[in-house]
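The values are calculated or read from the model by the stated rules, or taken from the named source; none is laboratory data. Source: prediction; values computed, not measured. Methodologically, a virtual Cβ is constructed for each residue, glycine included, from the backbone with ideal geometry; neighbour enumeration extends over all protein chains shown. All accessible areas refer to the heavy atoms of the entire protein, side chains included, with ligands and DNA or RNA removed. Shrake-Rupley method; radii C 1.70, N 1.55, O 1.52, S 1.80 Å.
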Amino acid sequence: MFAKASVVSFITLSMLACASPLQPQQARGPIALPKRSTLTKSDGTFDLDKAIAQTIATSNKHRQNLINLQNNTGSLPQGFEIKPLASLPTKIQDNLNKRQAEALTDEDDEGWAGTVSIGTPGQKFLVDFDTGSSDLWIPSSSCTSTTCSQKSKYDSSSSSTSSKESGTFSIQYGDGSTVSGPVFSDNVTVAGIQVSKQTFSSVTTLSSTFASDPIDGILGLAFPAISNLKADPFFVTANSQGAVNSNEFGFYLASSKSELYLGGSDSNLYSGSIEYHDVDTSSGFWQITGASIASGSTTAVSNFDTIIDSGTTIMYGPPSAVKEFYAHVSGAKLYDSTNGFYSFPCDSAPEVSFSWGGDSFTVSSDNFNLGSTSSGASTCVGALAAQDLGLGDSTWLLGDSWMKNVYTVFSFAKTAVGFAKLS
């Protein structure tokens, strides 16, 4: 039997995807990807405006997830709270708008995008793969937003397998705009793995938040409980239809040659065994318990939950817990009290590590350092920020600044998240 596993690789300027044994073998060459910007400017300084915009986007994403969870299950886990919609200050939005036309020179390190095909014949879209959400959406050919002008757009009338479904999809963003549209089902293919009748939204309004972003949409990889569409996410569908041999997928995130492995894990990218930790599925997130964080050899905070979210750039924790962590970092100071960013001496980055009761996994100084506070400054900004995201006082959100240090396996089969040290 052929192994039903596929790889989506994200290289700085290209993506390579395996052909699947479920379909006739098709050669796929490199697909050019635009460079993506980071939270560090080209001069090595911290991009505060962009960091604030991303924090607000993260806050509103998980606000919507909690709304979805409450609508789908009738309740929220203890301590969870739906916060008011966070708004992006006009001044920061204006600053970012002025920079949208500038050439990007930073490394491809902010989002993890690859190509999916929807419909028959296939229509191609560049999407972010997000373990912190559960829905698939892409722009519609009927989209009326200016933001859609440079995006690939789904034309349901051009697909022989498209079906209009009941209901609508809608997410609100901090600038007051929305991503919204009707619901469809169609064939969806990712890295050669094809599923039929996948539910998704073909959005007719697209938030200006995505104007400078090369992606067309998002493909969520979390649990059905937080689906706005009240539908199974793509990978859940793939497993239920027998399109993958193993009900799990692996992430390797780096500045180049990043990879999403669908239907298993890529043993070439990690060493030793994978350490698994059970997921609390009541939240709909990839949420694991019993975490601790250390600065050097000293445990700063312990016994908290962590949500592993590939769609979030940095790491966030409850304000009191993050304050306690930085109290163990020599020379650390609160840099931006409004948005929860801390600074530390650039020449003595903290030795940060996380543990869930087994191995200790280190966050490299490069991944923890978001850049200097100003040009020529001796202080730098840390990739752990203090934010109340409505996830309770004992839940942290670990994004790409964490995931770039380990190989991560998201296992529906084990209802667990696994970490392994990089090879």
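Below, the figures for the structure above:
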quantity	calculated
Over region 214-351, relative contact order from alpha-carbon pairs under 8 Å, at least 6 apart, %	14 percent
222 nm mean residue ellipticity, helices alone, for the chain (DSSP H n ≥ 4; -39,500 (n - 2.57); rounded to 500)	-4000 deg cm²/dmol
Accessible-area value, residue 395, 1.4 Å probe, nucleic acids and ligands omitted, Å²	10 Å²
Sequence of 186, 266 from largest to smallest accessible area, 1.4 Å probe	266, 186
Crossing angle, helix 90-99 versus the chain [Cα axis fit, 0-90 degrees, rounded to tens]	70 degrees
Compactness of the chain as Cα Rg over 2.2 N^0.38 Å, two decimals	0.93
Mean accessible surface per residue for region 360-423, computed with a 1.4 Å probe while every protein chain stays in place, in Å²	30 Å²
For region 308-366 and region 125-198, distance of Cα centres in Å	35 Å
Helix 48-73 vs. the chain, principal-axis angle (Cα, 0 to 90°, nearest 10)	60 degrees
Burial ranking of peptide ranges 82-92, 268-278 (average Cβ count within 10 Å, highest at the top)	268-278, 82-92
Percent antiparallel among DSSP beta bridges (both partners in the chain, rounded to 5)	85 percent
Carbon plus sulfur fraction of accessible area for the chain, probe 1.4 Å, in percent	46 percent
Protection proxy ranking of 155-161, 179-185 - average other beta-carbon atoms within 10 Å, highest first	179-185, 155-161
Relative contact order (%) - the chain, alpha-carbon pairs under 8 angstrom, separation at least six	19 percent
Accessible surface, region 238-290, averaged per residue in Å² (probe 1.4 Å)	38 Å²
Kirkwood hydrodynamic radius of region 322-423, from inverse mean 1/r over distinct Cα pairs, in Å	15.0 Å
Restraint check, 164/197; 61/230; 257/414, Cα-Cα greater than 20 Å	257/414
Accessible area in square angstrom per residue, region 168-222, 1.4 angstrom probe	26 Å²
